[in-house]
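Laboratory data are not the source of any read-out in this text; all were calculated from the coordinates shown. From a predicted model like this one, the values you see are computed outputs, not experimental measurements. Cβ coordinates were reconstructed from backbone atoms using ideal geometry, including for glycine residues, and neighbour counts include every protein chain displayed.
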Amino acid sequence: MSFVDLPAPHGRLEGLLWKVESPRAAAVVCHPHPLYGGTMHNHVTYRLAQALRQAGVSALRFNFRGVGRSSGVHDHGMGEVDDAASALEWLSREVPGVPLFAAGFSFGARVALELALREARIERLLAAGLAVDLFDFGFLRRLDKPVAFIQGDRDEYGALPKVEALVASLAGSKRLFVVADCDHLATGRQEEFLAVAKKAVSWLLAQPEAPPPS
């Protein structure tokens, strides 16, 4: 694991790269809301990266603008999608020749999913803790890529029935993995969250590759 500085239009992003030998893929991993204490060291974000790494996927966590040593100031989601794009660009050069994934928790999940709409190189996604009670996720109906969703059954920002209904409404390869007896931050359930995240990553890696564009 190594700390890295990623170039960004506003200066730099502080990152942490968890590289594996002969990676199956490489993933950017986005952290929760910066205005509520979210950083790349958040324990749920860490466990998403851990699950990816243990499955042979190099994982890059990074701090959004204005967090830690990252330059810039918070931009209410718009600039943070740009930050994720900068991180993905750096990762594509650092770990070349492998599929690119995006992952995230809470606010970071929304950023990763929005990035995938505009970034064709992202092939698959891992999204945990969808805050469907706070944000509109209707844009997901335009996302034709495999997505593994992870949700706690007691998530106070994303009621499980709402998440189940959302995932059921989506076309293509989408699957919801539920962490039992788990709130939004996986309080006291971090190892259980990791076990479910490993299953989600395994499912994601088993999805058939998309056909090349015609």
Point to revise | Cross-link reach list, lysines versus Lys19, counting only Cα pairs under 20 Å and skipping chain neighbours closer than eight places | key: Lys198
Practice item. Could you grab the relative contact order for the chain? Cα pairs under 8 Å, six or more apart, rounded to a whole percent. Key: 18 percent
Check your understanding: Extension gain Asp133-Glu94, at 0.36 nm per residue separation less the Cα-Cα distance, in nm?
Key -> 10.4 nm
Exercise for review: Net charge near Leu13: determine it from the other residues with C-beta under 12 Å of the C-beta of Leu13, scoring Lys and Arg +1 and Asp and Glu -1.
Suggested key: -2
Check your understanding: Taking K and R as +1 and D and E as -1, what net charge do the other residues with C-beta under 15 Å from the C-beta of Arg47 add up to?
Key -> +2
**Study point:** Neighbour-count order for Ile122, Ile150, fewest beta carbons within 10 angstrom listed first
**Key:** Ile122, Ile150
**Study point:** Lys, Arg +1 and Asp, Glu -1 on Cβ, resulting dipole of the chain about Cα centre, debye, nearest 20
**Key:** 440 debye
Check your understanding: If we restrict to alpha carbons, what Rg and Dmax does the chain come to, in Å?
Key -> 15.6, 48
